[in-house]
Every structure is written in structure tokens, then in C-alpha cells.
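Structure record follows, encoded as C-alpha cells.
Throughout, read-outs are computed from the coordinates displayed, never taken from laboratory work. Keep in mind it's a predicted model, so treat the numbers as computed, not measured.
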Amino acid sequence: MTTKEIIKILPFDMEFKTKLLAEYDTLDEYAKGDLVDVLWSGYCTYYQLKLNENIQKGLLISQDDQPEEALDGTFYQRMIVKTEKEIQDNLTKSGADVDLSATREELEKIIGKTN
């Protein structure tokens, strides 16, 4: 996964994503390094939140009388695969339901340093 793909995946508004993508290649190496660190940290947070959400949903479904999700040795791996698929699907969609406003503020500071 590339940094530009992470920009597309993270739940920022389209105007902000467009600005990040447009300015990314023009940043100096230090600003770009800071930006990459913040973006990957944001992605890790986003990934963990989505994984936790899928695990919780899977656990709830497994409690049904006829569960669609079996709690077996592959449950966690199936939740990882499901999470990764959902994140990849978000590459083609805009928006998400996770608040990463702190990450956005850090990114705006970095971009602001170079302007």
C-alpha cells in the first residue's frame, strides 16, 4: 500500500484529500517524512478500529442460534481478511464513519509549514 492510497482510504473530506494528493509530490523530504508518519499512524488507527468493529459484529452474530460466523480457530483470521477487504473497497468510495480529526489537524500543520 502506498502513502497516496492511504490518503484515499482515510476518512477525510474530498477537498482535503485532493489538497493532500496535489501537494504530496511537491513537499520537501522532511515535510513528506512527517506527513508519511502521520498518515501511517492514522491508517493504523483506522485499521484497528475497523478490525475491532468486525470482531465485535462477528461475536454478536456468533451468539445467534444459527450463527453465520463460527467461533473457531480461523475466526480472527477471517476478521482480518474481512477488514482488509472493506478497507480496499473504501479506495473506490468517499467518506467513512471514523473520526480522525486529530490526524487531519497534524496533516494540515505539516502542509502549512511548506506553504
key: Amide H contacts of residue 69 (H built 1.01 Å from N, under 5 Å, at least 5 apart or other chain)   = 62
request  = Would you mind checking 4/109; 85/109; 19/85; 57/109 for any pair whose Cα atoms are more than 24 angstrom apart?
outcome  = 85/109; 19/85; 57/109
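Could you work out how much longer the chain between residue 18 and residue 109 gets when fully extended? Use 0.36 nm per residue separation minus the Cα distance between them, nm to one decimal. The partial results should precede the final answer.
Details: separation 91, 0.36 × 91 = 32.76 nm, distance 1.62 nm.
Working it through step by step, the gained length comes to 31.1 nm.
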